[in-house]
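Asker: Take this structure, written in structure tokens, and hold onto it; I'll ask about it next.
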Amino acid sequence: MKVAVFYYSQSGQALDVAEHICSEVTGPVIYKQIIPLQNYPFPWTKDEFFAVFPETRLAMPPSGIQPIDFSDIEDTDLVLVVGQSWFLSPSLPLQSFLEDQHVKDYLKGKDVVFVNACRNMWLMTSRKIKAYLKAAEANWVGHIVLQDQRANLISAATIVRWLMYGKKEASWLLPCAGISQEDIASASRFGKLMEGAWEKGNLIQLQTDLLSVGAIQYQPSVLFLEKTGHRMFGIWAKFIRQKGDFGDQRRRFRTDLFFYYLLTVLFLVSPFAQVFFYLTYPLHRVRDHQQIDCNL
């Protein structure tokens, strides 16, 4: 099986995930880095990070990507797209990649697995990736989520420390940020399973097989928060863009307001919202939603 891996990785985590997934694939694996024309820094400053929020949520990437050479992967058997979520949506580089006409032409008719290396909110990203792949006439055959397994507030604190200060390692009372090395190291099982499914000509069943080995750890209370947050993010994004396009300094006051709103919701409101979710658990039809959310 020949595999093409398209990846975007600022910190190196997404690439690390991709390499471990493919580490025991016996056929050739060819990596293609997604390089956006717009530079996104790492670590971020607060202002830089929140400046990209409206365009991320509204699927309006401010730039395209550098050209990709497809000549050595035209005959690939399986495509992996590996990236991350920003603001409950695919990261802007992923969006730029999937909107590129040359990429869409390449993906047409290809079997694609999407791998999200994220904090813990992945649902709305998966729905948008599905729409992108459908528009490209690609075959979405697999979805893998590697996420931070720690409690929501702890993972939020550690990701801020990592994104803004570049500190991934454990410090003071906080654990290491991001996906655990144990979870990343064990991701090779997904590559084995994908290769086995391809050899049997059974990629249609791949997602069911991936779920059986833990490709997605479903956290219903977190995804309940995500669905609500995604709607509110849409309102905020449109409110901010009323002041100008990407890079317009007139948006600064409104992005600052959104920053304080997000802190309030994350650290004060979300704990009570999760308690409310569990108090009303029977009303949420979790099993039905899990079937919909985890399958393609």
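Asker: Taking region 127-226, which chymotrypsin sites (Phe, Trp or Tyr not before Pro) meet the DSSP loop condition and have no more than 12 other C-beta atoms within 10 Å?
Answerer: Sparse-neighbourhood loop chymotrypsin sites (Phe, Trp or Tyr not before Pro): TRP172.
Asker: Shifting gears a bit: Around TRP86, what is the net charge, scoring Lys/Arg as +1 and Asp/Glu as -1 over all other residues with Cβ under 14 Å from its Cβ?
Answerer: My count for the surroundings of TRP86 gives 0.
Asker: Given a 10 angstrom Cα cut-off, can you work out which residue in ILE65, ILE235, ILE159 is the most mobile in a GNM of the chain?
Answerer: Its mean-square fluctuation being the largest, the pick is ILE235.
Asker: Moving on. Could you tally the net charge around ARG231, taking each other residue with its Cβ under 15 Å from the Cβ of ARG231, Lys/Arg +1 and Asp/Glu -1?
Answerer: Within the 15 Å Cβ shell, the charges total +4.
Asker: Among residues other than TRP122 whose Cβ falls under 13 Å from its Cβ, what is the net charge (Lys/Arg +1, Asp/Glu -1)?
Answerer: Within the 13 Å Cβ shell, the charges total +2.
Asker: Going by Cα centres, region 232-274 and region 40-116 are how many Å apart?
Answerer: 23
Asker: Now a separate question. Relative to the first principal axis of the alpha-carbon coordinates of the chain, what is the inclination of helix 188-199, with its axis defined by its Cα atoms, in degrees from 0 to 90 and to the nearest 10?
Answerer: For 188-199 against the chain, the angle is about 40 degrees.
Asker: Taking amide H positions as placed in the peptide plane 1.01 Å from N, state which residues far from TRP140 in sequence (5 or more) or on other chains have amide H under 5 Å from it.
Answerer: Under 5 Å from the amide H of TRP140: VAL112.
Asker: Here is a further query. Each residue of region 139-145 in order: what ³J(HN,Hα) in whole Hz does its phi give by Karplus 6.51 cos²θ - 1.76 cosθ + 1.60, θ = phi - 60°, with x for Gly and Pro?
Answerer: With coefficients 6.51, -1.76 and 1.60, one gets 9, 7, 10, x, 9, 10, 10 Hz.
Asker: Which whole-Hz couplings ³J(HN,Hα) result when phi for each residue of region 212-220 is put into the Karplus expression 6.51 cos²θ - 1.76 cosθ + 1.60, θ = phi - 60°, listed in order with x for Gly and Pro?
Answerer: 5, 10, x, 5, 9, 8, 8, 10, x
Asker: If I take every Cα pair under 8 Å that is 6 or more residues apart in the chain, average their sequence separation and divide by the length, what percent do I get for the relative contact order?
Answerer: For the chain, the relative contact order is 20 percent.
Asker: To test your reading of the geometry: what angle, between 0 and 90 degrees and rounded to tens, separates the Cα axis of helix 123-135 from the longest principal axis of the chain?
Answerer: For 123-135 against the chain, the angle is about 50 degrees.
Asker: So how tilted is helix 270-279 from the main axis of the chain? Cα-based, degrees 0 to 90, rounded to 10.
Answerer: 70
Asker: Write down the accessible area per residue of region 1-134 in Å², having rolled a 1.4 Å probe over the full set of protein chains.
Answerer: Accessible surface, normalised per residue, equals 36 Å².
Asker: Please give the solvent-accessible surface of ILE30 in Å², to the nearest 10, using a probe radius of 1.4 Å with every protein chain present.
Answerer: Accessible area of ILE30: about 40 Å².
The values are calculated or read from the model by the stated rules, or taken from the named source; none is laboratory data. Keep in mind that this is a model prediction, so the values were computed, not measured. In this analysis, Cβ positions are derived from the backbone assuming ideal geometry, glycine residues included, and neighbour counts consider all displayed protein chains. For accessibility, only protein heavy atoms count, side chains too; no ligands or nucleic acids. Shrake-Rupley method; radii C 1.70, N 1.55, O 1.52, S 1.80 Å.
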